[in-house]
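Presented below is the structure to which this report refers.
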Ligand SMILES: Cc1cc2nc3c(=O)[nH]c(=O)nc-3n(C[C@H](O)[C@H](O)[C@H](O)COP(=O)(O)O)c2cc1C
């Protein structure tokens with residue numbers, strides 16, 4: 001199965017990809033992320049990609065770094081650091097603490113046709129290396145989102161991508177129709193990890209046909225840049241990613257949360273009111289990395305990585321497995337200033353390597369022949 005559609009930045013770089021060993025290091029748990037007040041002044045982050053020792057000793061040449069990312073259909077981000085849906089509200093809430101205009105893009109809270117009050121509490125709990133949430137897509141509905149926020153978005157330099165959820169193909173299409181042409185809305189990200197009432201509650205994201213159908217229907221409804229978010233809760237994401245790309249998505253985002261539960265301290269019931277929650281944070285990074293690695297090799301549309309980004313090393317890892325950009329999610333709760341700091345650190349990392357663009361860092365850990373099994377056994381084997 002192949003879903004090659006058009007040449008992308010990732011492909012350009014992959015063609016020239018070279019395999020570069022990575023230096024492993026132990027990641028701190030999310031809880032140990034520095035608080036804004038405790039965080040040191042931005043310093044040059046330690047590189048995770050091995051290079052000749054001598055290169056470290058060279059003074060960093062002063063080069064202009066182009067961090068822009070072309071996601072297709074006219075959506076060009078100033079840099080590859082986005083904020084993930086559900087962790088940054090509608091952006092406006094963070095205006096006093098974060099220079100929102102310095103973000104590559106904001107993926108706003110999941111938006112549905114009608115307002116939703118969300119799931120019964122408790123709705124969040126901490127886990128080792130992350131958290132479980134079952135917010136249940138609480139949101140005021142698409143019309144209120146447009147009325148309340150779109151005008152402010154038009155004044156921002158950063159692109160706002162509206163994350164859209166629904167229970168039927170018709171829901172998705174209607175929400176997207178209402179967003180189409182609204183000034184301030186730069187793109188759509190489909191959250192397809194929702195139960196499809198038409199298919200008896202089966203999630204769109206775990207079925208290639210359902211994922212392809214909803215993508216195709218939304219594609220017909222809008223010319224806005226269309227990002228579709230993959231679920232990690234499948235045995236093999238590749239057929240689903242292929243179906244979405246074939247159906248006309250411009251970008252794949254990977255991944256949404258992993259399904260999990262926690263038990264109440266009484267041990268008499270599950271902890272979350274909804275029983276099930278979505279696991280996010282550093283704990284899911286290896287899973288997300290594997291999925292980006294697999295998907296980047298079979299589609300020709302850009303892949304944006306999401307999952308457990310807490311520091312520059314995570315960004316570099318995701319670029320190495322073929323992502324053109326990353327979204328920061330759960331880590332924002334510990335430090336809302338992290339995404340902007342990552343923009344600076346990535347630019348500094350490129351400068352330190354004498355690179356004029358982060359594009360040279362993309363795909364370096366992929367097999368030499370995209371889509372073909374590697375002779376060296378680095379490809380994923382279930
Ligand atoms: C509290 C919370 C709410 C979320 N809400 C949404 C949502 O509305 N739509 C969506 O597509 N993803 C949602 N997500 C998933 C994130 O966008 C992201 O895919 C996931 O958390 C993995 O990234 P992370 O490990 O950096 O947090 C939510 C995550 C969290 C923690």
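The values are calculated or read from the model by the stated rules, or taken from the named source; none is laboratory data. A quick note: this is a predicted structure, and the numbers were derived from the prediction, not measured. Note that each Cβ is placed from the backbone with ideal geometry, even for glycine, and that neighbours are counted across all protein chains shown.
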Inset, instruction - Specify the residue that is modelled with the lowest pLDDT; the eligible residues are those in the stretch 68-95 that are closer than 22 Å to residue 139 by Cβ and either more than 15 Å from the ligand (Cβ to nearest atom) or over 14 Å from the mean Cα position of the chain (by Cα) (or both). - result: 95
Inset, instruction - Within the stretch 226-269, count every residue that is farther than 27 Å from residue 80 by Cα and out of contact with any strand residue (DSSP E or B) (no Cβ under 7 Å at 6 or more places or on another chain). - result: 6
Inset, instruction - Could you tell me whether the stretch 249-259 includes any residue that is surrounded by fewer than 20 Cβ atoms within 10 Å (Cβ to Cβ), in contact (Cβ under 8 Å) with a residue 24 or more places away in the chain and within 16 Å of the ligand (Cβ to nearest atom)? - result: yes
Inset, instruction - Report, by residue number, each residue of the stretch 168-193 that is within 16 Å of the ligand (Cβ to nearest atom) and either out of contact with any helix residue (DSSP H, G or I) (no Cβ under 7 Å at 6 or more places or on another chain) or farther than 25 Å from residue 303 by Cα (or both). - result: 171, 187, 189, 191
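Residue by residue, here is whether (1) under 22 Å from the mean Cα position of the chain (by Cα); (2) over 20 Å from residue 330 (Cβ atoms) holds:
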site	(1), (2)
116	no, yes
121	no, no
126	yes, no
132	yes, no
138	yes, no
144	no, yes
147	no, yes
153	yes, yes
164	yes, yes
Legend entry - Failed item, numbered, when residue 240 is tested on (1) within 14 Å of the ligand (Cβ to nearest atom); (2) under 23 Å from residue 280 (Cα atoms); (3) buried (at least 22 other Cβ atoms within 10 Å of the Cβ): (1)
Inset, instruction - Report, by residue number, each residue of the stretch 274-312 that is more than 12 Å from the ligand (Cβ to nearest atom), touching a strand residue (DSSP E or B) at 6+ places or on another chain (Cβ under 9 Å) and over 17 Å from residue 240 (Cα atoms). - result: 275, 276
Inset, instruction - State whether the residues of the stretch 266-273 include one that is touching a residue at least 24 places away in the same chain (Cβ under 8 Å), under 17 Å from residue 313 (Cβ atoms) and either in contact with a helix residue (DSSP H, G or I) (Cβ under 7 Å, 6 or more places away or on another chain) or within 15 Å of the ligand (Cβ to nearest atom) (or both). - result: no
Inset, instruction - Considering (1) over 28 Å from residue 286 (Cα atoms); (2) away from the ligand (no atom under 11 Å from the Cβ); (3) touching a helix residue (DSSP H, G or I) at 6+ places or on another chain (Cβ under 8 Å), say which one residue 106 fails and leave the rest. - result: (1)
